[in-house]
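The values are calculated or read from the model by the stated rules, or taken from the named source; none is laboratory data. Since this is a predicted model, take the numbers as computed values, not measurements. Because the Cβ atoms are built from the backbone with ideal geometry, glycine has one as well, and the counts that use them run over all protein chains shown. With ligands, DNA and RNA removed, areas are computed over all heavy atoms of the protein, side chains included. Shrake-Rupley method; radii C 1.70, N 1.55, O 1.52, S 1.80 Å.
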Amino acid sequence: MSSNIRRAAGTQTFFDVLLRWLWIKRPSPTRDRDDFLAGTTLTVSCFSRAIAGGSACRQLGYLHLTHGQPITWHRSGRRPVVLRPPFALIPCPAKSPGRWKLASFHLDTAEGPRDLLIPKLDGPLVEQALKAADT
């Protein structure tokens, strides 16, 4: 994995919100796509729930996206989960609890289906990364 890691535009911490309030620019989704293609590892905040496991709650973690590398989902204190292709990402607008900030997706992977909640700004980046990893 690249040592060049940063958060994607839609994945914000309290400090990022403070910077926005002070009119200090944050990265844009366009810059995210360019950096992704250049090899930068981008982290995207992601609630994930494996459908096959029967878990009722979503777990907070981060998708690590690096062009040319496997997509991984990291959760604090746990081993990373490598998502293996083939991928099929299907938007589920009716399932989004935070409709103004989060987008809900159904993701089919080789290991089985998952439900994902990711920031809306990061949706196109995740779609691009899954397409790149699927080839």
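Points worth noting:
- For the chain, the dipole from Cβ point charges (+1 on Lys and Arg, -1 on Asp and Glu) about the Cα centre works out to 420 debye, to the nearest 20.
- Helices meeting the span-like rule in the chain (full DSSP H runs, Cα extent of at least 15 Å along the helix axis, mean Kyte-Doolittle score of -0.5 or higher): 123-134.
- Per residue value of the accessible surface for the chain (all protein chains in place, 1.4 Å probe), Å²: 58 Å²
- Estimated inter-spin distance, PHE14 and GLU127, nm [label 7 Å along Cα→Cβ]: 3.4 nm
- Under a Gaussian network description of the chain, with springs only between Cα atoms under 10 Å, the residue in TRP21, TRP100, TRP73 that fluctuates furthest is TRP21.
- Taken over the chain, lysine pairs spaced eight or more positions apart, or on distinct chains, with alpha carbons under 20 Å apart number 5.
- Which of LEU102, PRO70, PRO113, positive extreme of dipole for the chain (C-beta unit charges): LEU102
- Which label in (1) 13.5, 39; (2) 16.5, 50; (3) 14.5, 44 gives the computed Rg and Dmax of the Cα atoms in Å: (3)
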